[in-house]
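A quick write-up on the structure given underneath.
The values are calculated or read from the model by the stated rules, or taken from the named source; none is laboratory data. Quantities reported herein were computed from a predicted structural model and do not represent experimental measurements. Cβ coordinates were reconstructed from backbone atoms using ideal geometry, including for glycine residues, and neighbour counts include every protein chain displayed.
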Amino acid sequence: MPNSYDPNNIFARILRGELPCKKVYEDAHVLAFEDIRPLMPVHALVIPKGAYLDMSDFSARASADEIVALTRAVGEVARLTGVAASGYRVIVNNGADGHQEVSHLHLHVLGGRPIGRMVGAPKQ
């Protein structure tokens with residue numbers, strides 16, 4: 001995982017309109033779209049439009065408006081995709097140990113069926 005933001009990462013390219021996406025929600029600060037490799041019946045990604053590397057970067061540098069917009073967008077995506085009532089999971093993979101694959105903050109909204117335990121017990 002790089003220590004600086006890569007302006008050519010896939011999400012930056014989607015934000016610039018260079019790559020297509022199946023949009024779920026958009027406002028002035030946030031874009032949400034369907035994951036191209038869904039792991040659940042509902043699997044949407046919610047990203048800030050600003051160039052933020054990860055949650056640590058976002059929490060340190062984002063404006064109050066951006067933070068509110070990201071939080072509200074997650075709830076709106078859950079409602080729009082039909083999982084708000086039945087339940088859903090929000091995952092943020094942060095850094096190498098968190099298995100973050102794209103160097104742009106993104107939140108996974110997962111649902112559409114029972115998900116199971118949050119984290120399995122470590123193997124011994």
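Across the range 66-75, a minimum of one residue is classified as surrounded by fewer than 19 Cβ atoms within 10 Å (Cβ to Cβ), closer than 17 Å to residue 15 by Cβ and among the acidic types (Asp, Glu). Here residue 12 meets each of (1) assigned to a helix (DSSP H, G or I); (2) farther than 11 Å from residue 109 by Cβ; (3) free of Cβ contacts under 8 Å to residues at least 12 places away in the same chain with one exception, condition (3). Among the criteria (1) in a loop (DSSP other than H, G, I, E, B); (2) under 17 Å from residue 100 (Cβ atoms), the one residue 18 does not fulfil is (2).
From 52, 25, grab the single residue that is of a type in the set (Phe, Trp, Tyr) and either farther than 21 Å from residue 8 by Cβ or at pLDDT below 95 (or both). Quick ask: steps written out before the conclusion?
Working: 52 fails: either farther than 21 Å from residue 8 by Cβ or at pLDDT below 95 (or both).
None of the others qualify; the one that does is 25.
Checked against the criterion of being of a type in the set (Phe, Trp, Tyr) and more than 13 Å from the chain's Cα centre (by Cα), the candidates 25, 88, 52 yield just one match: 88. Could you check the range 27-57 and list, in sequence order, the residues that are surrounded by fewer than 13 Cβ atoms within 10 Å (Cβ to Cβ) and among the charged types (D, E, K, R)? Selection gives 37 alone.
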